[in-house]
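All remarks here apply to the structure that follows.
The values are calculated or read from the model by the stated rules, or taken from the named source; none is laboratory data. Quantities reported herein were computed from a predicted structural model and do not represent experimental measurements. A quick note on method: Cβ atoms are made from the backbone with ideal geometry, for glycine too, and the neighbour counts reach across all protein chains shown. For accessibility, only protein heavy atoms count, side chains too; no ligands or nucleic acids. Shrake-Rupley method; radii C 1.70, N 1.55, O 1.52, S 1.80 Å.
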Amino acid sequence: MTGSVGMEDGAQNQARDRGGLHGRASLGEEIYEVMLTQLITLKIPPGERLSIDALVREFGVSQTPIRAALIRLEAEGLVVRKHNSGYSAASIPNGHRFGEIYDFRLILEPAAAAKATGRLTPAQQAELIDTSAEMNRLVGDGSEVTYGRFAVLDARFHQLIAQACGNQLVIEALDRLYAHMHLFRLRFHSTVTEEAVVEHKLVVDAMLAGHEAAAAAAMRRHIESSRQRMEPFYRTLA
Ligand SMILES: [Zn+2]
């Protein structure tokens with residue numbers, strides 16, 4: 001852990017800066033959000049080792065909330081745990097791999113969206129609508145914390161559709177890509193969020209209207225547009 005990681009301000013100061021969007025969050029939630037933000041904005045660089053002892057000192061808390069945050073970030077693909085060396089920030093795929101991720105998503109996700117149409121449970125419908133609404137609300141804020149939150153919601157949006165399609169292999173394969181966490185670390189810019197919410201709305205509208213082909217087409221357009229936005233930034237990554 002080095003000073004460049006920039007956690008000197010501590011969770012409490014940064015939490016205060018956020019203006020309490022969701023009221024008073026728990027300490028564990030605050031630490032998670034600070035780390036999420038620093039990972040998404042590359043203030044914690046890909047591959048950086050994350051020492052629990054150093055994090056305990058920097059945040060001035062016990063190991064418990066630090067470990068809880070790391071476990072959550074590991075599940076989200078931002079942190080990896082290796083047997084002998086503990087936790088580190090996940091690496092970013094090379095340009096070729098990003099291309100493969102888009103190819104793979106284009107095979108699975110339009111078909112998943114079509115299949116999920118008409119199979120959404122009321123709870124899944126409600127969460128899809130809520131997730132979209134929350135993303136829409138976050139657009140235009142432009143703060144780093146918002147960006148981290150947006151990345152998590154985007155991942156959840158796509159995961160919900162995979163879950164509604166009901167194919168466990170599709171769910172697992174898409175989960176393992178951690179596509180959104182990689183993409184949001186690649187490009188920290190408001191156009192990404194603005195365009196994504198417009199594209200997501202077309203997917204949701206088609207699904208809620210029960211139009212399978214339109215849902216597939218909207219999902220395809222969303223992933224292709226995302227690729228066009230991101231390709232200039234990953235193309236040159238060795
Ligand atoms: Zn998306």
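Selection of the stretch 68-107 for residues being surrounded by 15 or more Cβ atoms within 10 Å (Cβ to Cβ) and within 11 Å of Leu50 (Cβ to Cβ) yields Ala69, Leu70, Leu73, Leu78, Val79, Val80, Tyr87, Ser88, Ala89, Ala90. Tallying residues that are touching a residue at least 60 places away in the same chain (Cβ under 8 Å) and either closer than 21 Å to Ile101 by Cα or open to solvent by 60 Å² or more (accessible area, probe 1.4 Å) (or both) within the stretch 199-212 yields 6.
Exactly one residue out of Ala215, Ala196 is within 16 Å of the ligand (Cβ to nearest atom), farther than 21 Å from Ile40 by Cα and surrounded by 17 or more Cβ atoms within 10 Å (Cβ to Cβ): that is Ala215. The criterion of at least 2 residues that are at negative phi, within 14 Å of the ligand (Cβ to nearest atom) and open to solvent by less than 10 Å² (accessible area, probe 1.4 Å) is met, among helices (runs of 4 or more DSSP H) falling completely within the stretch 116-186, by 122-138, 144-165, 179-186.
Of note, Leu202 does not satisfy the criterion of being among the aliphatic types (A, V, I, L, M), under 13 Å from the mean Cα position of the chain (by Cα) and not assigned by TED's automatic domain parsing to the domain that holds Val79. The combined condition, being open to solvent by less than 30 Å² (accessible area, probe 1.4 Å), within 14 Å of the ligand (Cβ to nearest atom) and modelled with pLDDT under 95, is not fulfilled by His222.
Val203: part of a helix (DSSP H, G or I), among the hydrophobic types (A, V, I, L, M, F, W, C), within 11 Å of the ligand (Cβ to nearest atom) and over 20 Å from Arg119 (Cβ atoms), yes or no?
The answer is no for Val203.
Quickly run through the stretch 155-190 and pick out the residues that are more than 24 Å from Thr121 (Cα to Cα) and under 10 Å from the mean Cα position of the chain (by Cα). Result: Tyr178, Ala179, His180, Met181, His182, Leu183, Phe184, Arg185. Filtered by the rule that a residue be within 18 Å of Phe184 (Cβ to Cβ) and open to solvent by 60 Å² or more (accessible area, probe 1.4 Å), the stretch 228-238 gives Gln228, Glu231, Pro232, Phe233, Arg235, Leu237.
Take Thr236 and tell me if it is outside any helix (DSSP H, G or I) and either more than 16 Å from the ligand (Cβ to nearest atom) or over 18 Å from Leu128 (Cβ atoms) (or both). Against the criterion (outside any helix (DSSP H, G or I) and either more than 16 Å from the ligand (Cβ to nearest atom) or over 18 Å from Leu128 (Cβ atoms) (or both)), Thr236 qualifies.
The number of residues in the stretch 46-75 that are outside any helix (DSSP H, G or I) and over 17 Å from His180 (Cα atoms) comes to 8.
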